[in-house]
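Engineer: Following this message is one structure expressed as structure tokens.
What follows draws every value from the coordinates through simple rules; no lab data is involved. In this text, all values refer to a predicted model and were calculated from it rather than measured experimentally. Neighbour counts are summed over all protein chains in view; Cβ atoms, including those assigned to glycine, are modelled from backbone coordinates with ideal geometry.
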Amino acid sequence: MKLYRDEGIVVRTHQLGEADRIITFLTRHHGIVRATAKGVRRTRSKFGARLEPFSLVDVQFYEGRSLDIVTEVATLAPFSSSIARDIDSYAAASSMLEVAEQLCSESSEDEHFFLLLAALAALARRDQAADLIRDSYFLRALAVAGWALSIWNCAECGANSPTIVHLPSGGLVCDSCAPRDSRSLPAPVIAHLGALMGGQWEAVRSSSNLTRGEASQIVANFLQWQLERQVRSLRVGARMHAAI
Ligand SMILES: [Zn+2]
């Protein structure tokens, strides 16, 4: 019988039969782990309440043939109660969990775990507006995955102070690398993106709503571009695998 322990953030739960759930964790040492929690939907279950999304738990797994099995759970930080009380925090946290699961499926970097943990703790404490915490998390999680948004140097040639967004290149590009008729971003939007990436919250908070909105749209588009690219490359990989 092979047991192992880890700290994990509950990123998703879904029902399995009458009484069980499959829980997806982002763990500190083992990346994404999907495990069966038996009997958790019974009212007397000692696990049930501890295995809610957003919660940080200390968990013991039994290594199964396909899915592992949760054998012990202790709550380390019950972020779910605080996050669920505020609709903006709940929405931001939910999209963060979704992105974390997608970005980490191939990786067991503990940086992903600590980044998500810090962002959930900030949301639970209402440190900043929820959408700012979310956007900062997205930029940093993408950077950990190897897809840092290029902000200060042209994504194509490395020239200083690029001003034009070109997502297929990986961020901002300079005038000579940009497609014709491209529009330059206002300087405050570029500064705001840099502050989100660096966690410079004083600068982030001083940005106008217009600047925040424009930057948020760029973050969302960049995230979507990278996630779709990842899905496309997995599909190509699967096809190649099938052909071999
Ligand atoms: Zn360039």
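Engineer: Do any GluC sites (Glu not before Pro) in segment 11-96 lie in a DSSP loop with no more than 10 other beta carbon atoms within 10 Å, and if so, which?
Structural biologist: Working: sites: 18, 63, 72; in loops: 18, 63.
Answer in residue order: 18.
Engineer: Where the eigenvalues come from the Cα gyration tensor of the chain, what are the semi-axes √(5λ) of the equivalent ellipsoid, largest first, in whole Å?
Structural biologist: Numbers: eigenvalues 272, 101, 35 Å².
Largest first, the chain gives 37, 23, 13 Å.
Engineer: If you keep only loop residues by DSSP, which GluC sites (Glu not before Pro) in segment 107-159 have at most 16 other Cβ atoms within 10 Å of their Cβ? Walk me through the numbers before you get to the answer.
Structural biologist: On the way: sites: 109, 111, 156; in loops: 109, 156.
The qualifying sites are 109.
Engineer: Given the options 119, 145, 49, state which has the largest fluctuation in a GNM of the chain using a 10 Å cut-off (strictly under) for Cα springs.
Structural biologist: It is 49.
Engineer: To continue, here is another question. Within segment 1-56, which trypsin sites (Lys or Arg not before Pro) sit in a loop by DSSP and count at most 11 neighbouring Cβ atoms inside 10 Å?
Structural biologist: Details: sites: 2, 5, 12, 21, 28, 34, 38, 41, 42, 44, 46, 50; in loops: 2, 28, 38, 41, 42, 44, 46.
Loop-located and lightly packed - 2, 44, 46.
Engineer: Rounded to two decimals, what ratio of Rg to Rh does segment 84-184 give with C-alpha atoms and a Kirkwood Rh?
Structural biologist: On the way: Rg = 16.1 Å, Rh = 15.0 Å.
Looking at segment 84-184, the ratio lands at 1.07.
Engineer: Report the residue, chosen from 55, 105, 94, that carries the largest GNM mean-square fluctuation when the chain is represented by alpha-carbon nodes joined by springs under 10 Å.
Structural biologist: In this elastic network of the chain, the residue with the biggest mean-square fluctuation among 55, 105, 94 is 105.
Engineer: Suppose a student asked you for the relative contact order of segment 3-77, using Cα pairs under 8 Å spaced at least 6 residues apart; what percent would you report? Let's see the in-between values first.
Structural biologist: Values: 177 pairs, mean separation 24.1, N = 75.
Dividing the mean separation by the residue count of segment 3-77 yields 32 percent.
Engineer: DSSP H helices in the chain with Cα extent of 24 Å or more along the helix axis and mean Kyte-Doolittle hydropathy at least -1.0? Don't skip to the end; give the middle numbers.
Structural biologist: Working: long enough: 87-104 (25 Å, 0.57); 209-243 (51 Å, -0.33).
Result, helices passing both filters: 87-104, 209-243.
Engineer: Residues with amide H under 5 Å of residue 76's amide H, sequence separation 5 or more or different chain, H placed in the peptide plane at 1.01 Å from N; which?
Structural biologist: Correct list: 56, 57, 58.
Engineer: I'd like the projected area of segment 3-77, averaged over all directions, using the convex hull of its alpha carbons. Report it in nm² with one decimal. Walk me through the intermediate numbers first.
Structural biologist: Details: hull surface 17.6 nm².
One quarter of the hull surface, i.e. the mean projection, equals 4.4 nm².
Engineer: Under unit Cβ charges (Lys, Arg +1; Asp, Glu -1), what dipole magnitude, rounded to 20 debye, does the chain have relative to its Cα centre?
Structural biologist: Working: 26 positive and 26 negative charges, 149 e Å.
Dipole of the chain, to the nearest 20 debye: 720 debye.
Engineer: Taking the Cα centre of segment 3-77 as the origin and placing charges on Cβ (Lys, Arg +1; Asp, Glu -1), which of 19, 36, 61 is farthest toward the positive end of the dipole?
Structural biologist: 19
Engineer: Related question: When the chain is modelled as a GNM with alpha-carbon springs shorter than 10 Å, which of 142, 185, 193 fluctuates the most?
Structural biologist: Residue with maximal mean-square fluctuation among 142, 185, 193: 185.
Engineer: Along segment 156-166, what does the Karplus equation 6.51 cos²θ - 1.76 cosθ + 1.60 (θ = phi - 60°) give for ³J(HN,Hα), rounded to whole Hz, x for Gly and Pro?
Structural biologist: Values per residue, Gly and Pro as x: 9, 10, x, 4, 6, 6, x, 10, 10, 7, 9 Hz.
Engineer: Here's another thing I want to ask about it. Hey, what do the phi angles of segment 57-71 turn into as Karplus ³J(HN,Hα) couplings, whole Hz, using 6.51/-1.76/1.60 and θ = phi - 60°, x for Gly and Pro?
Structural biologist: Residue by residue, segment 57-71 yields 10, 9, 9, 10, 10, 9, 6, x, 6, 9, 9, 6, 10, 6, 10 Hz.
Engineer: With 10 angstrom as the radius, rank 166, 30, 112 by how many other C-beta atoms surround their C-beta, starting from the fewest. Could the numbers behind the result be given before it?
Structural biologist: Values: 166 19, 30 16, 112 23.
The order, fewest Cβ neighbours first, is 30, 166, 112.
Engineer: Just want to confirm a number: the relative contact order over the chain, from Cα pairs under 8 angstrom separated by 6+ residues, in percent. Numbers along the way, then the final one.
Structural biologist: Values: 409 pairs, mean separation 31.5, N = 244.
This gives 13 percent for the chain.
Engineer: Follow-up. Any idea what the relative contact order of segment 56-194 is, in percent, if you count C-alpha pairs under 8 Å spaced at least 6 apart?
Structural biologist: 14 percent
Engineer: Applying the Karplus parametrisation 6.51 cos²θ - 1.76 cosθ + 1.60 with θ = phi - 60° to the phi angles of segment 22-28, what ³J(HN,Hα) value in whole Hz is obtained for each residue in order, glycine and proline being reported as x?
Structural biologist: 9, 10, 9, 10, 9, 9, 6
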